[in-house]
Structure formats: structure tokens, C-alpha cells
Amino acid sequence: MGTPGHMAHPFDVEEIQTGDDLLDYINSAITKLSAGEIAGSVKWDGINTSFKLVTDENGKKDFRMDRGTSHIDSVVGLDAAAAYEKWPKGHGMPPAIEKLLSIFNEALPTIEPELKTLGMWDDPTKYFNTEYIEGTSNVQDYDANILAIHGINQFYEKRAQPHAIRKGISMDRPGLPRPLDNNGKPIKGGGIEIDFDHQALEQLIRKVQPYAAEYDFQIFGDVPVSFDPEMELDIEAVLDSPISIQLEQGNIKRATLREWLKTVKHPKDKKILKIVRDENGTPTGTKPVGALSKDIYMAVLRSAEEGGVPLNDYLKDAQDISSAIDGGIFYHATRLLGQAVKNVLTSEAGHLERHEGVVLRGLENFLVKLTGDFIVQGLASTHGNHVSEHLKQDFTIQISKNKQITKTLVEWLTEIKSAGHKHQKLPQMVYKDVLAGTPIVDIVVQEDAERTIYNAVMDYASNLKEQSEDAIELDIVADDAVAAIEDEAGDPVVDVDAPGQTIALVPGAFKPPHRGHADMVRRYATGDGVEKADRTIILISNPEGAKRTLPHDGSEVSAEHSARIWETVFSDVTSLPGVEVRVADSDMRSPISIAYEYISETTPLDIKAGDNVILGASRKDRDYERWNGAAAWKKKKRGINVLAGEKYAVEPSERSDNKPFSASDSRQLVSNLVTNPEDVESLRQLAEYIPQNKINQLFNILKQPSPVSNELEEMSAGSGGMNGYAGPFPGKRDKKKKNPNIVRRENKQTVDDVIRLLMERGIMS
């Protein structure tokens, strides 16, 4: 669940600037722990869970889970029923939540005095910070089901984003005032461990234990550690260990850890570019990663091994080698020194070699951990053929009534990578249908089947992070998946969504979208003649007053129509990697005001300092000049780079007669064909605006009778997409019938039924 946030490693402490600083810090921690000046306790390897006591409107109290977000279900609290509704069938979190809450709710009448002493009886901003372990954990194997209560934490107050409040999905979270960091900005994190009565917690645990036993669980509180008197801590031997790093082919630099530490400095949040290669070793691009990350650490550590890759061949820029070495040595020193400490510590719960690590209290106003080898445990590259139990499990897709495909999750992920598929989250209803075993052929059309299957698998892999604090990186290679799924998720030095991403915002009314719009989005998404965007976001304006209507009957082309047209008629564009479709709130009146809202401090996007935001525009009629004041806009989110102007605008697409595309013209063409289905010229022109095999879909979305029969649309499918209308026209076909519109209406009814079914399934929204 990750509510309390992730404990810091020593290299996360802000004051540590050099390798010598890191060594001094760990030595000081050892000395203080040995002298009893700070406390140390067992760090369990489990699912981090957080639950609190809430009081409903009728005064009834019960324990509920809290995920630490501003979503209403978290702030109010999740009970077991809500958990089963939230997560799909087969997910591991609902039964875990059900057991945990059942234990404590059954014990509730007996632990009222302790809860009052702990300050939790009438204060749902305080919560138990626990580790939930049922059998095998993320990496460690335990011989019992365990609930370990680390302590009592309290939430920081959290303001929900205004647009999310308006939509009824979020609410402000009460809690402690959020402190400011050294730059005067509110700190991140869900909350902080607070002082509490340890005797009261111990008494509470003793009272709850009999209830836990009914569910075959043991409950532990804070388990202190101590130095094993029969073991000797030899830091000097660790510091004398040799480390070899290959800078270029054949240029290997060798030194002891002690010597390396004297030369390195903390890379902080520095990002460097690694070269991405395909299975044949051919470079396919670059990817920004943290200099202080497991990715870089493993590259540095293995660079001089047999078959290792020299750093100048691993990184795009040779100037980044020194930063990579800085990060790699910081990581390696933290690992080796931490493991040396773990090796000599013991507790009532056993020797610390069988646990994740040791938690240190008193060094800072936050918790610091030493995890040793656990910091990289689970990586296939360091532990041979170890594969997570998660990745070993079977995942079955029901293709049809009599056919299914079963593969392990890692086999699926390997296949997905080989296919070059990019993940797009499925609508919840579709995802649930796939997990429930509904045949794929009953959910989507054949051409969408593979994409739906792959997205379902990756949705499932992504959801595993909720189950085991995993950080699934969706730009997946099979080996990367093994590493990522078992990684310590959210580790401050592991940044999957690295700062520096480029986001293109393409705002407009799109009533309806047409080929010109689609080509603009495609250019940004693929980098065709313009800077390539990592994410391209289509922003649909949705003002309550300004409506676009069809001339023949005045029916509105709504924002919802626009979104459905984007996602179905132009699915070849919206399925490109990184492309998203969003409908703006109704109080954002114009496309320009929408774009400004999306680069402001209240943006609904996860824009970070260092990101680049392109304000999409065409070079037609100097359209890009509407953004002339954007870079200096006073309310923009601090730290982002706003990119606008001719350099970041795209060349416009034109019709066959060299005229520009126009949404008003396309609405007129639709009306022409409704009033006169035999208007061949209007149909020809409309086929320049809309892929010829999607005209029927367009009319169905707009709830208008289509001039194209299903049979003709099927005949045209695959004959050119956006290249204009080809093949027979409906007028010639229908002349054989006295009343051709009868056939058309029958076909339309069938299509409407299919479209309705697909909408109910969640394919269209």
C-alpha cells in the first residue's frame, strides 16, 4: 500500500555530499547503535499496509485501510467490501485487507483503552504502520504468517486537486501541517512516525494476538536488534574489497572501496542517458535514468566482468561516465557496509540475515534503514536465475469458448516486448471481463484482440505493485520486468517516470476530429518533422455555452462525441505510444485556457520540475502565435519548460484540393449525406476527413443514419485508412432496391446494437 512512504537509505540523507560523508555516517550509526544512543529494530519484508480507526455518521467505529491518497475511498477508509469492489477478481489485496481488518475489528472492544492511550480512538489521521506477510514475501521466505506493527504514524494534510474534487473522486485530507523543505516547498510523503506509548502498543498486541491466531497469524511489535556477541564487525575488510570498473573497452580502473569513496560525490537527482538496445544488441534509442539507481549500479558493477559492457558503450554521453561511477559507488558502499552490519545483528525474531534489514531511529527526524544485499535482491543479474513468484504464476486468456492460452507472466511480458507493444490501460469493465474469463472474441473485434490481451496482461502486472510494493516499469523487457517487479518500489533513487519528459498538449474543440487533427497528434507522437513527445495529450474543450451543431437538424456534436471519435475512428493515432485523450472540465471554456490550466500549479497532469511541455499548434496561418505569451504566463507550474512557437509547430495537412481541413466543413458534409445519402461528391470529400472504413462508425457515434452500408465499409477496410474514399459508392448499389433506405436502417440497427454492447463493455467511453 505504501502509505507511510519508503524509508530512507543513508545515501538519501541530504547532508551526505561525498563518499567520505557516507562512510562517516554509517560509522556513526554503528557507534550510536552499539552505545544505545539510537534504537534499531527489525525491518520485515512484507506488504506495507496502513489502517486506522474511523467513526461513521452513526457513531459506529471500525478499522479501515487507508492508501494515503486524496481519493475519497482512502480518506474515508476502505473496508473489505470496498476492497473487493476496487480490485479485480483474483487480486491479492482484498483477502489480505479482509483478514487484517477482521482481526482488529473482532478485537476492537478489548483494545479501546490502548487505542485511547495511543491517540487513535477519535483521530483517523493516525494509523498503524505495518508489514503484512502471508507465507512467502517479496523476496524472503518466512515460516509463519506475520503482521508486524512498526509504530504509529500520522498523515500530513493533503489538498486534493480542484478538478478532482469537482469530479467527485477526491477530497482534502486532514492531518499534520506539511513541513517545508530547504527550498521552501512542502515536503512529499504521506506522513511521519509520531511519538507513542510503547507499553500501550505492546499491551494492544498481546490482546490482539488470540484473535490473530484464529486466522493463523502472529503479531509482532517493534522488535529491537542487538549486536551478536559471538560475531565481529570488520568494516576495514569491507573497505579493502577491490572494485573494478571498465570505462572503455580494455580501460579498466581498479581500486579498493575505500579509495573509490575518496573520489566520488553524491550525484543527487542527476539524470543520465543509457542506450536502449534490442535483443540483437542494436541501439534503438535512449532512456533517462537516475545516476543513483539500481540500473546504473548494476551496469557499473558488471562493466569489468566477463561479457560486461564498458560504460562508454552503455551510456549515450561519455561525459556521464563520472556521474555513473559516483552513483554506482554510493550504491555499492551502502550495500556492502549495510550487509556487514546486518551480519552481526540479531533479535528475538531471529538473525537479521533472514530479514530485510534494520530500521534506525534517532539518527534523523525520519527513519533510516540498512538493508545490505536486500537492496538489490531479486535482480536476475545478481542472483542467477531467481525469478519472482509473481512472474512465475500462470496468466490465462480465454480466446473463445473452446480455446484459451496460458503462459507465465514473464513469458507474456517477453512476448509483449518482442512485439513492440506499448501499454495503454484498459477500461475497467474490459479488464474485469478479461480476468473473469470472458472470451476475447466476445469483448472486442478481431483486429483489436491482440492489443487488448497485451494491455490486460500489463494492467495485471502493473496492479501487482499494489500487492507487493512493486514498481513495474511498463517499458518492459523480460529481464527488466524481473528486476523491476522485485525492486524496492518507490525507492527515492529509482525514478521510473524520470524528470525531463516531453509532453505535447494538443487542445481544441474537435467537433468533430478530422484527419488534420489526427495528423498533428501523430507528428508529435512520432517526432515527424517536430520534436518527439514522450506523451501527447489531446485536450477536448467542453464549455457549457458554446455548442457545435449539425446544420440539418441542430443536434450537438459534444465533447463526449469527440472523445469517442478520437478513440474509435482515429484509433490508429490514439493507440500510438504515449497518446492520451482527455475531456476538460466544463468551466475551462476555450482550448487556450485549457492549455494554460494544464501548465499551471493546479495541473491535473503529473508534470514535474524539469519536464518540457509543448503547446501544440500548426504552422497554418501562423497558428502558433496564439501561444506568444505562454512562456511568461504568471501562474505556470514552477520548474517546467514551456515550448511554443514556430519551432514546435507542425506542418498542416491539406486536402486533395490544397484546402485546409475544417471541422465546420466536415459537419456540413455529414449533414449533406444525412439529407441526401446519394450525394457521392460529399461522400468523397468526407472520406478525406475520416478514414474510409470508419465512416459508418462516425455516423453511429453522432446518432445519424449512415450513407455507407456495413458490407461496403467492410469491403473498404484495409484499403487506405486516411488516404481518401475508394471503391463503390452506395448510390450504385442501392439502385436495385425500391427503397434503399430500408436496408440502410436495418444495417444501422444492427450496428447500433453492436456499438451499444461495446460501450457497455467499456471499449468506448
Determine the pairs where a residue that is in the same structural domain as Thr452 (by TED's automatic domain parsing) and closer than 17 Å to Asp459 by Cβ, located within the range 406-421, has a partner that is among the hydroxyl-bearing types (Ser, Thr, Tyr) and part of a helix (DSSP H, G or I) with Cβ atoms under 6 Å apart, the partner being 6 or more residues away or on another chain.
Ile416/Tyr454; His421/Tyr454
Answer from Asp20, Asp24 - the residue that is free of Cβ contacts under 8 Å to residues at least 24 places away in the same chain, of a type outside the set (Ser, Thr, Tyr), farther than 21 Å from Asn129 by Cβ and assigned to a helix (DSSP H, G or I)
Asp24
Matching option when the condition is basic (Lys, Arg) and without any contact (Cβ under 8 Å) to a residue 12 or more places away in the chain, among Lys703, Lys635, Lys694, Lys659:
Lys659
Just the residues that are under 30 Å from Asp621 (Cα atoms), modelled with pLDDT under 90 and in contact with a Pro (Cβ under 7 Å, 6 or more places away or on another chain), please, taken from the range 664-720.
none
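Select the helices (runs of 4 or more DSSP H) contained entirely in the range 315-423, then report the ones holding at least 1 residues which are at pLDDT 80 or above and within 30 Å of Gln249 (Cα to Cα). Steps first, answer last, please.
Values: elements: 321-343, 389-392, 409-418.
Where helices (runs of 4 or more DSSP H) fall fully within the range 315-423 and carry at least 1 residues being at pLDDT 80 or above and within 30 Å of Gln249 (Cα to Cα), they are 321-343.
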Restrict the check to the range 663-686 and report whether at least one residue is of a type in the set (D, E, K, R) and closer than 27 Å to Gly527 by Cβ.
no
Odd one out for Phe63, checked against (1) crowded, with 16+ Cβ neighbours inside 10 Å; (2) at pLDDT below 90:
(2)
Count of the range 400-426 residues which are under 16 Å from Ser575 (Cα atoms) and surrounded by fewer than 15 Cβ atoms within 10 Å (Cβ to Cβ)
3
For Ser656, the lone unmet condition from (1) outside the structural domain of Val581 (by TED's automatic domain parsing); (2) buried (at least 19 other Cβ atoms within 10 Å of the Cβ) is (2)
Looking only at the range 593-604, decide whether some residue is in contact with a helix residue (DSSP H, G or I) (Cβ under 9 Å, 6 or more places away or on another chain), within 20 Å of Ala525 (Cα to Cα), touching a residue at least 40 places away in the same chain (Cβ under 8 Å) and surrounded by 20 or more Cβ atoms within 10 Å (Cβ to Cβ).
yes
Restricting to helices (runs of 4 or more DSSP H) lying wholly in the range 512-620: which have 1 or more residues that are modelled with pLDDT of 90 or more?
515-526, 559-568, 571-574
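The values are calculated or read from the model by the stated rules, or taken from the named source; none is laboratory data. Values in this document were obtained by computation on a predicted structure and should not be read as measured data. Virtual Cβ from ideal backbone geometry, glycine too; neighbours counted across all protein chains shown.
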